[in-house]
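So the structure is just underneath, and the comments pick up after that.
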Amino acid sequence: MITHLKGIIEKVTDNLMVLDVNGVGFSVICSNRTIDKAQSYSGIIHIFTVMSIREDSWTLYGFISEQERFWFTTLSSVQGVGGKSAIAILSVLSDDNIYNAFLSGDKDAFTRADGVGPKLATRIITELKDKIVGKVNLNNSIKGISTEPNVLNDVISALSNLGYQKADVLRVISAMQIDKDNITFDVLLKKILSKISSGV
């Protein structure tokens, strides 16, 4: 099983990158994000990979980081989300965007990807949310949010109903450290409102 490659970019077309590894060309399907970052490097680049083996094809997917590979394998575990759909999601959403979508239950975020409709987006959130929120701690994802997801979602919903933009609320939450053992709806709501009013 191929888990990573080091080589020189030989060719790029759409979501396909040909990587020359010691004279051997590997065709690797990548997100727009991986291709953009890889092309900004000079010389040898290092990409992480996942190989999909089927009766009629062998497909190699490439990622600029282990985090992106994690999201690919996680999203691909949902029925109906193949490698193509997972790559499409990674092309339009960053690591933080994906985590925030699970955090807030924002299915519309996933429908921005080609081939992902409302039903599939709902399935993604339904099947993965409990596995992601409060349990995934990626370097570039929201940290310190370990309270019960329903409390956090209730607060986000309440603030949205008060007219606050969800993006602003999530930005404030991402900078907060929360005591999961003592937090309540009222306390969390007041903390976030305080941060927003102070312009943080």
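The values are calculated or read from the model by the stated rules, or taken from the named source; none is laboratory data. It should be emphasised that the depicted structure is a prediction, and the values quoted were computed from it without experimental measurement. Don't worry about glycine lacking a Cβ; one is built from the backbone with ideal geometry, like all the others, and counts go over all protein chains shown.
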**Message:** Condition (residue is under 21 Å from R123 (Cβ atoms) and in contact with a Phe, Trp or Tyr (Cβ under 7 Å, 6 or more places away or on another chain)) applied to region 20-35: is it met by at least one residue?
**Reply:** no
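Across region 111-167, what is the total count of residues that are touching a Pro at 6+ places or on another chain (Cβ under 9 Å), at pLDDT 75 or above and within 19 Å of E68 (Cα to Cα)? If you could, list the steps in order and put the result at the bottom.
Narrowing region 111-167 to residues touching a Pro at 6+ places or on another chain (Cβ under 9 Å): 111, 129-130, 133-134.
Now drop any that are not at pLDDT 75 or above, which leaves 111, 129-130.
Of the ones still in play, those that are also within 19 Å of E68 (Cα to Cα) are 111, 129.
Count: 2.
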